[in-house]
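Working notes, structure below.
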Amino acid sequence: MIDVIRAAWVIARRDYVASVFSRAFLLFLIGPLLPILAGLLFSIAGAGGGADQKRPAVAVIAGPAEAELLHAARGRLAERLGDAMLPMLHIAAPEGGAEAQTRRLLADRSDGVVAVARGGIDAPRLIGPRAGVADVRGRLALIYDEARAARAMADAGAAAPGPVAFRETVVERAAGPDAAGHAATARAGQLVLMFLTMILAGMLLSNLIEEKSNKVIEVLAAAVPVDAIFLGKLAAMLAMSLTGIAVWGAMALLALRGLFPAVTLPVPAVGWGAFVALGTVYFVACYLLLGALFLGIGAQVSSVREVQTLSMPVTMGQLGVVALASSVVAAPESGLAKAATVFPWSSPFAMIARAAQAPEIWPHLLAIGWQALWIGLIIRFAARRFRVSVLKSGGPRRRWFRRWRTS
């Protein structure tokens, strides 16, 4: 066993160095970024046409008199600056406790409310997420200054007020779990996992066919055990995949920080640290389950044509697995969702969605153990098929059996 592990390490290091330290790997890293960049450019190009629909809104808790002053002030400023330059104002009459009403207004996303203003026009308080408060602070101050100046002019002998100063309070958008945000994060996690697996695991088929056609497999088999070839190739492709994911993740993080500094992603139920760690573990599990199966299948084919023929059912199978796992997002406790959690190939997709929606960690420990058991079984089965197909080790045994029967 030690000899097999040592030989597998040599094979893995050889494949990893040959793949990563090549110009083709650079093109491989750039390839998936091109459609993302194209989508980004189309989004930026179409942003101008939808600017009116995306204007931020501020919910203002105010009485009738102050509401009339603010509406009139906004109307006068809109005539001079343009309506699109000012945030929308949604006036809400005071009702019940101010804190409870503020939480309700922040939780309601139907009107595009990014912050809540209360406390009157003399000592206003602006409450909301950091990005929302920063977005509307300056333009909302213009409206309040105009409203205060108009009131001072209406009151004979009143002194002109100075610039308004908001007391700001940065809070989460809503108290309690954000179901919509968690569902969005769950679906995004499943899509990213599917995207990475489809791109990276399928490379094993092409890589194996290339080495079979070049007779490299026969040369390696003459020097090291066949099981070491199988494990080494699987480990090398996994390491190469993790390298690509690290590069793509770093580029995505830099792009978000540089181009969209105000964007805040919905926080998963388990937190970002645990979500990223679990996502990495589930990608490794998904990759090993599919990669070992692909190696076993790839050992049975002998041409690129056969690989292309196999690609369609493999891709459709992956889409079916993801469709099964998507039931976890809509109905986590349904029978279909539980089946997706138990079925080994859909379990990583189902559990990454659960990590986004539920804060418990212990189900993930059980799922990881269950997936590890199936990884061992699949690798054992695929390695046997790999050995039989590549080396035809079943041939001599069958000939000996026929000689024994005829004797």
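Numbers for the structure displayed
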read-out: Test result for S241, surrounded by 12 or more Cβ atoms within 10 Å (Cβ to Cβ), of a type in the set (S, T, Y) and either modelled with pLDDT under 75 or within 15 Å of the chain's Cα centre (by Cα) (or both); value: no
read-out: Cross-chain or 6+ apart pairs with Cβ under 7 Å, segment 314-339 first and over 12 Å from A350 (Cα atoms) and assigned by TED's automatic domain parsing to the domain that holds A358, then at pLDDT 75 or above and among the hydrophobic types (A, V, I, L, M, F, W, C); value: Q318/M194
read-out: Condition check for A340: assigned to a helix (DSSP H, G or I) and surrounded by 20 or more Cβ atoms within 10 Å (Cβ to Cβ); value: yes
read-out: Verdict on P363 being over 17 Å from Y287 (Cα atoms) and assigned to a helix (DSSP H, G or I); value: yes
read-out: Any chance L191 is of a type outside the set (D, E, K, R) and either surrounded by 18 or more Cβ atoms within 10 Å (Cβ to Cβ) or at pLDDT below 75 (or both); value: no
read-out: Every residue from segment 258-311 that is surrounded by fewer than 16 Cβ atoms within 10 Å (Cβ to Cβ), at pLDDT below 70 and part of a loop (DSSP other than H, G, I, E, B); value: F260, P261, A262, V263, T264, L265, Q300, S302, S303
read-out: Positions within segment 120-140 being assigned to a loop (DSSP other than H, G, I, E, B) and under 12 Å from I61 (Cβ atoms), in sequence order; value: G120, I121, P124
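Yes or no, residue by residue, for (1) surrounded by fewer than 15 Cβ atoms within 10 Å (Cβ to Cβ); (2) modelled with pLDDT of 65 or more; (3) over 30 Å from M88 (Cα atoms):
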residue	(1), (2), (3)
A18	yes, yes, yes
G31	yes, yes, yes
I36	yes, no, yes
G46	yes, no, no
G50	yes, no, no
K54	yes, no, no
A59	no, yes, no
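Each row is one residue, and each column tells you yes or no for (1) surrounded by fewer than 19 Cβ atoms within 10 Å (Cβ to Cβ); (2) assigned by TED's automatic domain parsing to the domain that holds G138; (3) within 22 Å of V133 (Cβ to Cβ); (4) of a type outside the set (A, V, I, L, M, F, W, C).
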| residue | (1), (2), (3), (4) |
| --- | --- |
| P64 | yes, yes, no, yes |
| L70 | no, yes, yes, no |
| R74 | no, yes, yes, yes |
| E79 | yes, yes, no, yes |
| A84 | yes, yes, yes, no |
| I91 | yes, yes, yes, no |
| E95 | yes, yes, no, yes |
| A100 | yes, yes, yes, no |
| R104 | yes, yes, yes, yes |
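The values are calculated or read from the model by the stated rules, or taken from the named source; none is laboratory data. Everything numeric in this text was worked out from a predicted model, so none of it was measured. Note: ideal-geometry Cβ built from the backbone for every residue, glycine included; neighbour counts use all protein chains shown.
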